[in-house]
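The next block holds one structure in the form of structure tokens; read it before the comments.
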Amino acid sequence: MFHVGDKIVHPMHGAGVIDAIVQKKLNGVTRDYYTLKLPAGGMMVMIPTDHSEEIGVRPVIDGEKAGELLAAMRSIEVTPDQNWNRRYRENMLRLKSGDLMEVARVVKGLMRRDSQRGLSTGERKMLHTAKQILISELVLSQDASYEDVEEKVNRALT
């Protein structure tokens, strides 16, 4: 169980800080929800507390692991897949895994493809989402600004 003020990660929305734990009644069922405030864009996400583990909610990595991840991003191997459908499915599974290295792999692969051939609208949206997930967690783990972390990520992945 997490507490107000904890830094956590939702696999599909990125990292944020628990702003509150509230009770809401939806479809006749009263549940407790974490209200997660995301640093990018000020978005709020409500996560049912009793299903947070199933969803893949986890604590933000520490600063040391974030530094190791940034250093390891340069060596990420990306295999280009010509089949758009297969590539999209595999990238979506990587994002849902919640593994930050897999998210970095998605970002690197899509950035490379964008520079070589361009991206479809769906892949462009996926790149934006994956980058936001990656950067939001690194921002919270390193207590840095979004712009500084984005610059570090771009350097590490290009």
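The values are calculated or read from the model by the stated rules, or taken from the named source; none is laboratory data. Computed from a predicted model, the values in this text were never measured in an experiment. Every residue, glycine among them, receives a Cβ derived from its backbone with ideal geometry; neighbour counts consider all protein chains shown. In case anyone asks, the SASA skips ligands and DNA or RNA and just uses the protein heavy atoms, side chains included. Shrake-Rupley method; radii C 1.70, N 1.55, O 1.52, S 1.80 Å.
Overview of results
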{"quantity": "Cα lying deepest toward the dipole's positive end in the chain, options G67, V139, N85, charges on Cβ", "calculated": "N85"}
{"quantity": "Contour minus Cα-Cα distance for T49 and R124 (0.36 nm per residue)", "calculated": "23.8 nm"}
{"quantity": "Euclidean distance between Cα centres, segment 66-96 to segment 1-44, Å", "calculated": "27 Å"}
{"quantity": "Per-residue HN-Hα couplings for segment 19-35 [Karplus 6.51, -1.76, 1.60; θ = phi - 60°; Hz; x = Gly/Pro]", "calculated": "7, 6, 10, 10, 9, 10, 10, 10, 6, x, 10, 8, 9, 8, 10, 7, 9"}
{"quantity": "Segment 1-59: relative contact order in percent, alpha carbon pairs under 8 Å with at least 6 residues between", "calculated": "31 percent"}
{"quantity": "Percent carbon-and-sulfur accessible area, the chain, ignoring ligands, DNA and RNA, probe 1.4 Å", "calculated": "50 percent"}
{"quantity": "Structure-derived percent of Cα pairs over 29 Å apart: which label, when the choices are [x] 17; [y] 21; [z] 12", "calculated": "[y]"}
{"quantity": "Heavy-atom accessible area per residue - the chain, 1.4 Å, Å²", "calculated": "56 Å²"}
{"quantity": "At R0 = 25 Å, FRET efficiency that the Cβ-Cβ distance of E68 and D114 yields, to 0.05", "calculated": "0.45"}
{"quantity": "Tensor-based shape of segment 69-124 (alpha-carbon gyration tensor, a/c under 1.5 rounded, otherwise prolate or oblate)", "calculated": "oblate"}
{"quantity": "Magnitude of the charge dipole, the chain, Cβ model with Lys/Arg +1 and Asp/Glu -1, debye to 20", "calculated": "740 debye"}
